[in-house]
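Notes follow the structure.
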Amino acid sequence: MGTDALSNTDALYRRGIFGNTAAEALPQTAVADAITAHMSGGGTRRRRVLVYGLDGVRADCCPAALQDGGTAYIASMGTNLLSYAGGDPKQPETLQKTCTWQGWASILTGKWGIENGVVEFTTLRRDCPTALLKLARLGMQCSFIVVWPDHFGVTYKDEIEMASTEKINFSHILAPDEDALYSYVIERTDVGDDVIFAIVDSTDHLGHATGFSPDNPAYTKEIEKRDMQALQAIRHIESRREFANEDWLFIITTDHGGHDMTHFDQSPEDKLTFIASNKKEYFLK
Ligand SMILES: [Zn+2]
């Protein structure tokens, strides 16, 4: 099984779906660094960020070949790279489960759980903030939009409290479903947030309910549906009059893969993820 997943991703690499091989996969922590780097840059155009997260998408189910999909669109301007969850195999002390709370916490903080505190279903350390909280503290307006309530109830509980106490511009929005999540992304774009970070949950839910597999249409169709919604959000951003004076970083990524009806281990099916972005300079050093 492990070998199959690896050969799947290498076959996709040869077809040009990914800009790197599985052996060259980037740590998922690269996303936080890219957000920070983009918002720290200069220029005359206003810098903004949209991260459209798709929970639990196996790398070999990455919708990068989908026409009218967000991943293919932003990769056509930049790149689509294999990445990995679950800690750095070269630093065994960083290894963590390939699960949702650990994955997004590493993506958002740029650190593995050994540093950010999210090694299990635990709350993020107060002294290891997300890139969004750090930017909000610098005066930027950020929003974090999710469907799965435990993100806010457990992992980011203390961050929400800190943002409230510090009276900074950091909105935490719990959407009732993925369509509402999409609508909130549009709303926060129009309100003028500097950084918008949204996480679709249904992709992971379908994996648990029906199987994480490239051969399971219930799972892959949901991934495609949400990837098309990500493109709609990007099209909306680009259609606004202000867009000519803006410099957007777009990212579509996932927190972990899966096998059978679950995910947690260090197998390539669970561990390999992807990061698509219109700005390859933040990922290819
Ligand atoms: Zn997940």
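Brief remarks on what is shown
- Under 5 Å, built H, 5+ apart or other chain: amide partners of Arg47: Asp247
- Straight-distance candidates among the aspartates and glutamates for linking to Lys279, with alpha-carbon spacing under 13 Å and chain neighbours fewer than 8 residues away dropped: Asp33, Asp247.
- Fluctuation leader among Ser183, Ser83, Ser213 - the chain, Gaussian network, Cα springs under 10 angstrom: Ser183
- Loop-located trypsin sites (Lys or Arg not before Pro) in region 117-158, at most 12 other Cβ atoms within 10 Å (DSSP): Arg126
- Selected from Leu174, Leu272, Leu26 as most flexible by GNM, with the chain as the system and alpha-carbon contacts under 10 Å: Leu174
- Across Thr98, Thr71, Thr262, mean-square fluctuation computed from a Gaussian network of the chain (C-alpha pairs under 10 Å connected) peaks at Thr262.
- Overall shape: prolate for region 136-285, with the ratio a/c of the largest to smallest alpha carbon gyration tensor axis at 1.5 or above and a/b above b/c.
- Subtracting the Cα-Cα distance of Arg137 and Asn169 from their residue separation scaled by 0.36 nm leaves 10.7 nm.
- Near-label residues of region 23-61 by backbone N, under 20 Å of a point 7 Å along Cα→Cβ of Lys90: 23-34
- Within straight-line cross-link reach of Lys167, lysines at Cα separation under 27 Å, skipping those fewer than 8 residues along the same chain: Lys111, Lys134, Lys157
- Here the sum of -39500 (n - 2.57) over DSSP H runs of 4 or more residues, divided by the residues of the chain, equals -11500 deg cm²/dmol at 222 nm, to the nearest 500.
- Taking only the Cα atoms of the chain, the radius of gyration and Dmax are 17.3, 50 Å.
- Once the Cα-Cα distance is subtracted from the 0.36 nm per residue extended length, the Asp265 to Gln67 segment shows a gain of 68.1 nm.
- Extension gain, Asp33 to Thr122: 0.36 nm times the residue separation minus the Cα-Cα distance gives 29.8 nm.
- Efficiency of FRET from Cβ geometry, Asp10 and Ile114, R₀ 30 Å, rounded to 0.05: 0.50
Taken together, the values in this text are just the output of simple stated rules run on the coordinates, not laboratory data. Model, not experiment: these values are computed from the prediction. When we count neighbours, we look across all protein chains shown, and the Cβ atoms used for this are built from the backbone with ideal geometry, even at glycine.
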